[in-house]
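Where a number appears in this text, it was derived from the coordinates with a stated rule and is not lab data. As the structure is a prediction and not an experimental result, all values here were calculated from the model. Here the Cβ is made from the backbone with ideal geometry for all residues, glycine too, and neighbour counts use every protein chain on show.
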Amino acid sequence: MAADRIKGRFADAGFQLKVLTETGIVSPMRPDRTLKVLSTLLKGGTTPATAARIAAIKHGDKPFIVDEAGSLSFAQVDRRTNSLARAMARLGVGGGDGVAIMCRNHRGFIESNLAASKLGATALFLNTMFSGPQLAGVVHREDPKVLIYDAEFTGLLGDLPEGLIRVVADENSDSGEPTLEELISSTEDTQLDFPSEAARFIILTSGTTGAPKGAQRNSPDGLGGLAGLLDCIPHRSGEAMVIAAPLFHSWGFINSVIAMTLGATVILERRFDPESTMDLVDRHSADVLVAVPVMLQRILDLPSDVSTRFRAENLKITTLSGSALPGGLAIRWMDRYGDNVYNLYGSTEVAFVSIAGPGDLRKDPSTAGRPPRGTAVMLLDEDGAKVPEGETGRIFVNNNMTFEGYTGGEDKERIEGYVSSGDVGHFNYDGLLFVDGRDDEMIVSGGENVFPGEVEDLIASHEEVVEVAVMGVKDEKFGQVLKAWVVPVESGAVDEDGIKAFVRQNLASYKTPKEVIFISELPRNATGKILKRSLE
């Protein structure tokens, strides 16, 4: 057994070296720089702060962040976050203290997170779509020491704790509170000592089924998770990356860290706008677009006289996560912009579960893909036993990036080191994973188990349908039945009987929705997840 473990570790190390070399993360350097990089990694561990320090050593004056305020190099960001960390320390922030960040996509978010990491503090990422009561509830529960926020959210701060230190991310603010730029310019920018505590993060769940919970996690142990991801998504050192996905969400955040590790240039815009995002892709000859699925839909739905001017000639990777990817959407995008879609299925709690590349999506656009190396998936029944091959079961995940638990003390179900994703799914004969729905969404209709996700995928593939949500509702005769909310391509393009007939032609009759409601748009949160509770 010991020999097998040693052999496995050598195999993992070889795999990581191979992938990191192919991406250009590991590349020839001057001996002095190599020593600095290795020393920094050994002392600092795999934290965002370490990534920033190493990027400054390796890439120096190359552009790192491009936003509305201009461009910052890797070296500039490293020095600026040294200054910001020192200023935050003067405000009383130390290892383990909370730093709440409520910023849109701009340098202030990334620099605040890096400064917190350099102090060994805990970064709390706040949803920019919060209402005042939601914000107050989360801040009171998580109890951060400092709040860094965009000035546009000032009106939401009325019910926050009196002792909370507030810092405005915008340079020109008349709030009377310190700004990030004032803090950065107030202290020296030399390197700090490595913190005694490793940086931690609290990423809030989407709150689609209730109040958002704080999922806490440490920085990953080693580079295995990153190597597994990069083995499936062909990022390369020095690429240009437009991050449209919200930085406060785990998908936007992890891609900002990937960018530092790759020495990639990150192009940011505060608010997503489909036309402006594609302009950025073309203007910067972007190699990568980081988005959530609904963003692609809005880009593809632009008027033809607008969309035809977008070339995206250098776009090699369109990488998605955050919400379900309708199968037809992936095909529409690839037919227009090339086979470059890589969709990651995961969650705040379990991180990566599987990745579907262009070949997988062309084969079956409803697939969630395959688990990357370093991630193991089990499908279990209600009793915790593995389901037979090809059958549907609850999805449990094991990797080195799963969360530690919720800050409120709750946890996801855990079995033998595997964490529940909260979904149910199945593998097909080719080893592709398919997500059939939430494990709490399954209904029993007339004695038959029905998963709304399967019906959603089918209806979404209808040529006259833009998007759809399906839910179980109570029924006197059958106990529960399905109800569908459909957004048509245009009003009257398809009717209720047409949708029902389409389902009957392709699925068992008991999976046909009893009622179909046509609406102009589905309610969504900031990451594109459908807020089904708003449809009830």
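Here are a few things to note about the model shown:
- From the alpha carbon centroid of segment 482-536 to that of segment 217-237 is 37 Å.
- Phi to ³J(HN,Hα) by Karplus 6.51 cos²θ - 1.76 cosθ + 1.60 over segment 477-485, Hz, x for Gly, Pro: 7, 9, x, 9, 9, 8, 10, 10, 10
- Length added when fully stretched, Ser520-Asp159, from 0.36 nm per residue minus Cα-Cα: 126.5 nm
- Remark: the chain carries a charge dipole of roughly 1680 debye about the Cα centre, counting +1 on each Lys and Arg Cβ and -1 on each Asp and Glu Cβ.
- Partner aspartates and glutamates for Lys386 [C-alpha distance under 13 Å; skip if fewer than 8 residues away on the same chain]: Glu416
- Cα long-axis angle, helix 48-59 against the chain (0 to 90 degrees, to the nearest 10): 70
- Taking every DSSP beta bridge that has both ends in the chain, the antiparallel portion is near 60%.
- Listed by chain and number, the lysines whose C-alpha is less than 16 Å from the C-alpha of Lys514, apart from same-chain residues fewer than 8 away, are Lys474, Lys477, Lys483, Lys500.
- The distance between label points at Thr308 and His140 comes to 5.6 nm (points 7 Å beyond Cα on the Cα→Cβ vector).
- Extension gain (nm, one decimal) between Lys386 and His284, 0.36 nm per residue minus Cα-Cα: 31.9 nm
- All C-alpha pair distances within segment 122-196, sorted into 10 Å bins from zero, spread as 17, 45, 28, 10 percent across the bins.
- Charge context of Ser27, other residues only, Cβ under 13 angstrom, K/R +1, D/E -1: +3
- Residues of type lysines that Lys58 reaches as a straight line, Cα spacing below 30 Å, ignoring anything fewer than 8 places off in the same chain: Lys18, Lys36, Lys43, Lys118, Lys316
- Inter-centroid distance (Cα atoms) of segment 255-282 relative to segment 369-412, Å: 31
- Positive-pole candidate from Pro161, Ile148, Asn218, dipole of segment 140-225, charges at beta carbon: Asn218
- About the centre of its Cα atoms, segment 441-536 shows a dipole size close to 380 debye [charges on the beta carbon of Lys, Arg (+1) and Asp, Glu (-1) only; nearest 20 debye].
- Calculation over all alpha carbon pairs of segment 441-536 in 10 angstrom steps from 0 returns a P(r) of 16, 51, 29, 3 percent.
- Relative contact order (percent, whole number), segment 441-536, Cα cutoff 8 Å, 6+ residue spacing: 25
- Taking a Cβ cut-off of under 13 Å around Gln505, the surrounding Lys, Arg, Asp and Glu residues balance to a net charge of +2, with basic ones at +1 and acidic ones at -1.
- Segment 1-67-segment 107-181 distance, computed between alpha-carbon centres (Å): 32
- Sites listed here are trypsin sites (Lys or Arg not before Pro) in segment 252-309 whose DSSP assignment is loop and whose Cβ has at most 16 other Cβ atoms within 10 Å: Arg270, Arg271, Arg309.
- Taking the chain and dividing mean pair separation by its residue count, relative contact order in percent (alpha carbons under 8 Å, at least six apart): 11
- Taking N as the residue count of the chain, its C-alpha radius of gyration divided by 2.2 N^0.38 Å amounts to 0.98.
- Segment 91-220 shape via C-alpha gyration tensor axes, a/c threshold 1.5: oblate
- Shape call, segment 53-111: gyration tensor on alpha carbons, a/c limit 1.5: oblate
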